[in-house]
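Here's the structure, in structure tokens; my notes come after.
The values are calculated or read from the model by the stated rules, or taken from the named source; none is laboratory data. Not measured: the values here are computed from a predicted model. When we count neighbours, we look across all protein chains shown, and the Cβ atoms used for this are built from the backbone with ideal geometry, even at glycine. For accessibility, only protein heavy atoms count, side chains too; no ligands or nucleic acids. Shrake-Rupley method; radii C 1.70, N 1.55, O 1.52, S 1.80 Å.
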Amino acid sequence: MKTPFHLNEKTILVTGATSGIGFQVVKSIVEMGAKVVISGRNERKLNNVKKQFGDAVIQLLAHDLTDEKEIESLASLSVNLNGVVHCAGIVNPYPIRYLNFKKLDETMRLNYYSAVVLIGQLDRKKKLEKGTSIVFISSISAQHPHKGGATYSSSKAALESFSKVVAMEYSHRRIRSNVVSPAMVKTPLYEKAAEDASHESMQAHVDKYPLGIGDPEDVANAIIYLLSDASRWVTGTKIVLDGGCLLGY
Amino acid sequence: MIDENEFVRLLENEFEDVEEGSLKPDSSYREIPNFSSMYALIIIAFIDNEFDVLLTGEDLRSTETIADLYAIIQKKLNK
Ligand SMILES: NC(=O)c1ccc[n+]([C@@H]2O[C@H](COP(=O)([O-])OP(=O)(O)OC[C@H]3O[C@@H](n4cnc5c(N)ncnc54)[C@H](OP(=O)(O)O)[C@@H]3O)[C@@H](O)[C@H]2O)c1
């Protein structure tokens, strides 16, 4: 049987490739046969990733995605793509009372604006091949927010809506756009959240996961499916990855 | 930078159930009525807002009293 569950002959851009979920996505999709373009802010960290995956990493793009001009130059420099996995994102818990435009911008720029401008620029610069698969990383907190999540939860909710608009606007080129929505996954971002929260509140949260909290690999596996031709009829949708933690809600 | 007592008053003002004058520099801020993880967020955001100093979870864990908070802000401002 000829399986569609592979990424041979696909070139895929991964943002946030230097850490956590993005790093694992690079590792997993290289194993599935893809060539990757990796993006992050830090050249040294990008070189480290390149060192680990060798020739499968065909391009390193060191750019700050909170800066419009930098996104534009990333899009100009990028080779043509069959897939985009936008993993760059931050969490910045803040009570509503102290939020102002500047503070909102810190999260919204990376978690939401960058997604819009990245896809727009890649399109204008004609880097998205026919049939490209785009994957955004949302979070279950888009629908199940937490205190202090006015920026993060809202940014992910916006991202989910945006993905559907992409799916509509680009369907005539069979470009697909989907979202994965993980619950808590063990990454440096999680470590930071764990450090900021009290030990007890973190443990109480972890206890709610029938299958335990996730590994980056659990997220990468779903992303492989969305990037592959096995999902060619899947667009504008979302895969929730939560180890069962929303079952009780 | 404002003095320690003024800092205590400002912080006091940020919480609903705290009467004016009830906190002292050596009060443990975790003993503020109804203290919760939300209050920890409020303290971090208030200090960021007011002094442009960002405390980490680790910073918070290493402090006990309001005077400790004040000291850590000063230390960070002087860096
Ligand atoms: N971990 C979780 O529990 C969890 C759950 C649900 C959703 N998510 C989402 O999954 C995504 C990845 O999270 P993670 O846990 O893997 O985070 P992470 O380990 O902190 O990695 C974040 C990545 O984003 C990049 N990045 C940060 N700021 C950037 C900027 N201004 N410009 C360009 N790149 C930037 C970082 O690269 P450099 O520092 O090298 O620039 C890093 O590669 C995020 O969108 C997050 O919201 C995570």
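Of B:Leu69, B:Ser22, B:Ser36, whose Cα points farthest to the positive end of the dipole of chain B (charges on the beta-carbon: +1 Lys, Arg; -1 Asp, Glu; origin at the Cα centre)?
Value computed over the given set: B:Leu69.
Taking the Cα centre of chain B as origin and charging only Cβ (+1 Lys, Arg; -1 Asp, Glu), how large is the dipole, in debye to the nearest 20?
380
Only bridges with both residues in the protein assembly as shown count here: give the DSSP antiparallel percent, nearest 5.
5
List the residue ranges in chain A for DSSP H helices whose C-alpha atoms run 24 angstrom or more along the long axis and whose Kyte-Doolittle average is 0.0 or above.
On the way: long enough: A:152-169 (25 Å, 0.12).
For chain A, where a helix must reach 24 Å along its axis and average at least 0.0, the hits are A:152-169.
By its C-alpha gyration tensor, with a ≥ b ≥ c as the square roots of the eigenvalues, how is the range A:22-118 shaped: rounded for a/c under 1.5, else prolate for a/b larger than b/c, else oblate?
On the way: a/c = 2.42, a/b = 1.94, b/c = 1.25.
Prolate is the answer for the range A:22-118, as a/c is 1.5 or above and a/b outweighs b/c.
Based on the Cβ-Cβ distance of A:Ser76 and B:Val18, what FRET efficiency does E = 1/(1 + (r/R0)^6) give at R0 = 41 Å, to the nearest 0.05? The partial results should precede the final answer.
On the way: r = 55 Å, r/R0 = 1.34.
The calculated FRET efficiency here is 0.15.
Just to confirm the number: angle between the C-alpha axis of helix B:37-51 and the first principal axis of chain B, 0 to 90 degrees, nearest 10?
50
Between 0 and 90 degrees, rounded to the nearest ten: what's the tilt of helix B:4-13 against the longest Cα principal axis of chain B?
The angle comes out near 50 degrees.
Output the pairs from A:Lys156/A:Lys208; A:Lys126/A:Lys238; B:Lys24/B:Lys75; A:Lys186/A:Lys238; A:Lys45/B:Lys75; A:Lys127/A:Lys164 with a Cα-Cα distance over 29 Å in this structure; if there are none, say none.
Correct reply: A:Lys45/B:Lys75.
So if I take the centroid of the Cα atoms in the range A:46-65 and the same for the range A:155-174, what is the distance between those two points in Å?
A separation of 27 Å, based on Cα centres.
Treat each spin label as a single point 7 Å out from the Cα along the C-beta direction, and report the A:Lys126 to A:Tyr249 distance in nm.
4.4
What is the average number of partner chain Cβ atoms found within 10 Å of a Cβ in B:46-52?
2
When Cβ neighbours within 10 Å are restricted to other protein chains, what is their mean count per residue of peptide A:14-24? Don't skip to the end; give the middle numbers.
Details: counts 0, 0, 0, 0, 0, 0, 0, 0, 0, 0, 0.
Other-chain Cβ atoms within 10 Å of each residue's Cβ, averaged: 0.
Per residue, how much accessible surface does the protein assembly as shown expose to a 1.4 Å probe? Answer in Å², no decimals.
Here the residues of the protein assembly as shown average 51 Å² of exposed surface.
Which order do A:Lys2, A:Lys10, A:Lys69 take by accessible area at a 1.4 Å probe, largest first?
The residues order as A:Lys2, A:Lys69, A:Lys10, largest area first.
Got a sec? Charge dipole of the range A:11-239, +1 on Cβ for Lys and Arg, -1 for Asp and Glu; which of A:Tyr152, A:Pro182, A:Asn111 is way out at the positive end?
A:Asn111
Rounded, prolate or oblate: which one fits the protein assembly as shown, using the alpha carbon gyration tensor with axes a ≥ b ≥ c (rounded when a/c is under 1.5, else prolate when a/b beats b/c, else oblate)? Display every interim value, and only then the final one.
Numbers: a/c = 2.36, a/b = 2.01, b/c = 1.18.
The shape class here is prolate.
Summing +1 for each Lys or Arg and -1 for each Asp or Glu, what net charge is found among the other residues whose Cβ lies under 13 Å from the Cβ of A:Pro4?
+1
Determine which aspartates and glutamates satisfy two conditions relative to A:Lys35: a Cα distance under 13 Å, and not lying fewer than 8 residues away in the same chain.
Answer for A:Lys35, where 13 Å is the Cα cut-off: A:Glu9, A:Asp55, listed by chain and number.
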